[in-house]
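Here the structure is laid out as C-alpha cells; the discussion comes afterwards.
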Amino acid sequence: MLYPQTNAKRQMIDLSGFWNIHFDPDNSGRFGAGFDGGEIIAVPASWNDQLNDRRDYFGTAWYQTTFSLPWGWRGQRIFVRFNSVNYLADVWLNGEQIGSHEGGHLPFAFDITDRVQDEGNLLVVRVDSSLAPDRVPPGNLNAQPGASFGLASFPDSSFDFFPFCGIQRPVLLYTTPQSAITDVTVTTTIDGKDGMVAVRVVHTADAATLRFSLQGHGATETAESSTNTGTLTVKNAAFWSPQSPNLYTLKVELLQSGQVIDSYALDIGIRTIEVDGDRLLLNGEPVKLLGFGRHEDFPVVGKGLLPALIVKDYELMRWIGANSFRTTHYPYSEQMMQLADRLGFMIIDETPAVGLFFMEPGQERRNALCKQYIREMIDRDKNHPSVIMWSIANEPHTAKPEARQTYYSQNYTVVDHASREAAVQAFREQAELARSLDPTRPLTLVSHEGATEEAWRFVDVISLNRYLGWYSESGRIDAGVERLSHEIDVVHQHFPGPFILTEFGTDTIPGHHAEPPEMFSEEYQVEFLTQYITMMNTKPFVVGQHIWNLCDFKTSQGVIRMGGYNYKGVFTRDRRPKMAAHRVRDIWHKETQSEVY
Ligand code: GCB
C-alpha cells in the first residue's frame, strides 16, 4: 500500500486537528449522519489520557470532522486514508457508510470520488475498542470474577501494554489520477559491486508503458517497459547498511501515448538479507542486531503519532549504540519506518499477533485476522530496506491445552487437545502466506515456550524472550544466566540457525539503589544486562540481543505493574537514561567500535 504523496500528479492533505467525539457506552447510537456537540478530541492521539474520565473506557466512540475539497481536486480519484484506528473502525461520509476495518496499527483507505462534495463534507468514524477473546490481540480472557493469571490485570488484555484506543495516526485525504499506479514492489540484489533493482508495478491504465528512473549517489539510471516490471542496474552501487544507510530515489512514471499520466517516487536501499547456517547476512556480511523492544507510548498522546518522539527515540538508540529494534508488538507508524531507512536501523517488523491462544472461542476469527495482518503489514512495509525480517507473532500460547486451561479462566470450553495442533496448523499456514508474499526476507516467531516451541519449525530465525534472574531465579542473576546459557544451547540443538534473544530485562525504579544489587534497583538492571550480554557474546549463533525495553511504558494495572507501568526501560518514560543506559552504551560502542555518538 503506497503512502500518499504530493507531486505533479498527486495531492495529499492531512485532516489532523481537533475533531469531536461522542462516547456510546451502550453501543446503541446510530450517528453515521453525525451527532450534535460531543467533546473535543485531538486526532491523532489515543483518547484515554486526553479526557479525564476516559482513561479506562474501552467501548464505542464516534468521531466526526468536516472538510471541504481542496481547489483543483475534481476530476481526480479521491481517497480517505486512516493510518491507524484501534480497534475496529466503521466510516461514513455524508451519511453513507463507506467501509470498515478491523485491527489497529495498519492503514486502510476508501475511494470517495463519487461521494465527496465540494464543501461541507461530514466524515464520521465509529471506533469500537472493546477487548474480546476473538480479536487480535485478544482481551477479556479472565472476565470471570476471581479468575486470574500472572498478568491478570485491569484492563484485561492478553498483552502487557495499555490498550490505548482511538484514531492514533493521521487521517489523510489524497488524490490519484483516474488511471493510476496502485502498487510498487521493489526487490534488490547484488552482483559484485553492482546493484540490481527489480520493480513490479500494479496500475489501472490501459495501453500504458512505464518509465523507471533512479537518482542518487551519482546514478541516473532509467529504463522503460511495456510490461509491469523493469530492472535497473546500478554500477558501483552505494549499498544500504546501518553504517551507510544509502538511499536512492526511485521514480515510477506511467505513460499513455507518450504523456506522463501518473508518477510516484520512493526512497529505496540496495541491500540483501539472508540466513546462512547460523549467520544472518546483510549484503553477504554477518550482522549482529543490537537493540530493543519498544512501544509507541507517551504521556497524554498514548499511542498517538508524535514526530518529535520518533526523532528522540532514534537519538537515544544511536547514543546508546543500537542498530536494530523489533516493532513490539504491532507495526509502528510509517514515519518510524521511513526514518529507519534514512538512519540505518535494522527492523524486525512484527504483526499485532501478541498473546494469541488457540482455544475456543474465536479460534477461526483470530486465524483469519492474523493472516489479514500479515498481508497488510507486508503490503505496507515491503519496500523498506530497514525491514530485514518479519515476525508473525509474539509469545503465542502454543503449549498443551491442559497446561494452559487454568490460565484462560473457566469461562471458555477448551477444544479437546486441539490447542497445540491448532497452533502448529495456524503458524504453518501463516508462515507459508508470509513467504508467498515476500520470499526475500527471513521469517521469525518470538516465543517464550523454549525448546518445546513447535511453531519454530516454520521460521528461519529463532527468537526467544527470557527473564531468568527476574520472573524466575528472582534476585539471583548468576543462577538465571547460567540456566539461560544452557537453555539457549538446548534450543539451538533442536532448532539450528541464527538465534536472537528478543527480550530480556528487569523492572527498574529510577533513583532506587542497592549495593549489593537488589531487584528493582538500578544496580540490578546494570548487572543483569551486563551478564546477559556477556553470556550471549560467547555464542556465535546468537545474532541478536534486544533489551526489553527502550523506555518505561504504560500498561494495565496489576500487582506486578507498579502504578500501571512496566519499568523495564533503560530510559524512563520521559526519555532520561537510567544507570544501565550508560553501561550498555559502553558495551555496545566497544563491540561495534563505533564512534561514541
Ligand atoms: C514479555 C512480553 C512483553 C512484556 C515483558 C515483561 O515476554 O513479550 O510484552 O512486557 O515480557 O516485561 O514481562
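Table for the structure above
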| item | result |
| --- | --- |
| The stretch 171-209 versus the stretch 422-496: alpha-carbon centroid distance in Å | 36 |
| Zone residues, the stretch 513-553, relative to ALA308, backbone N less than 20 Å from point 7 Å out along Cα-to-Cβ | 551-553 |
| Residue among LEU2, TRP19, ALA45 farthest towards the positive dipole end of the stretch 1-86, charges placed on Cβ | LEU2 |
| Karplus 3J(HN,Hα) series, Hz, for the stretch 125-134 with 6.51 cos²θ - 1.76 cosθ + 1.60 (x for Gly, Pro) | 10, 9, 10, 9, 10, 5, 8, 8, x, 9 |
| Qualifying trypsin sites (Lys or Arg not before Pro) in the stretch 486-584, DSSP loop, other Cβ atoms within 10 Å at most 16 | ARG575 |
| Gyration tensor verdict on the stretch 167-212 (Cα atoms; rounded if a/c is under 1.5, prolate if a/b is larger than b/c, oblate otherwise) | oblate |
| Extension gain from THR209 to GLN97, taking 0.36 nm per residue of separation minus the Cα-Cα distance | 36.7 nm |
| Helical segments meeting 24 Å axial Cα length and Kyte-Doolittle -1.0 threshold in the chain (DSSP H) | 418-437, 477-494 |
| Cβ-placed point charges (K, R +1; D, E -1), dipole of the chain about Cα centre in debye, nearest 20 | 840 |
| Calculated [θ] (222 nm, deg cm²/dmol) that DSSP helices of n ≥ 4 give over the chain, each run adding -39,500 (n - 2.57) | -6000 deg cm²/dmol |
| Amide H contacts under 5 Å for HIS512, placed H, 5+ residues apart | GLU522 |
| Surface/4 of the Cα convex hull for the stretch 12-176, nm² | 10.0 |
| Fully extended contour minus Cα-Cα distance, from THR220 to ALA451, at 0.36 nm per residue | 78.1 nm |
| Rounded to whole Hz, the Karplus (6.51, -1.76, 1.60) HN-Hα couplings of the stretch 291-297, x for glycine and proline | x, 9, x, 8, 9, 7, 6 |
| Gain on full stretching of the segment that runs from ASN236 to ARG476 - 0.36 nm per residue minus C-alpha separation | 81.1 nm |
| Label-point separation, GLN593 to GLU432 (7 Å along Cα→Cβ), nm | 4.7 |
| Approximate spin-label separation ALA514-THR189, in nm, with each point projected 7 Å along Cα-to-Cβ | 5.7 |
| Beta bridges by DSSP in the chain, antiparallel share as percent, to the nearest 5 | 75 |
| Over 29 Å (Cα to Cα) - which of LYS9/LYS303; LYS554/LYS578; LYS303/LYS578 fall in this group | LYS9/LYS303 |
| Only Lys, Arg (+1) and Asp, Glu (-1) charged, at Cβ; the stretch 181-268 dipole about Cα centre in debye | 200 |
| Relative contact order (%) - the stretch 185-334, alpha-carbon pairs under 8 angstrom, separation at least six | 18 |
| Evaluated at q = 0.09, 0.10 Å⁻¹: base-10 log I(q)/I(0), Debye formula over Cα of the chain | -0.73, -0.91 |
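Readers should treat all values here as calculations from the given coordinates under stated rules, not as data from a laboratory. Computed from a prediction, not measured in an experiment: that's the story for all the values here. Cβ coordinates were reconstructed from backbone atoms using ideal geometry, including for glycine residues, and neighbour counts include every protein chain displayed.
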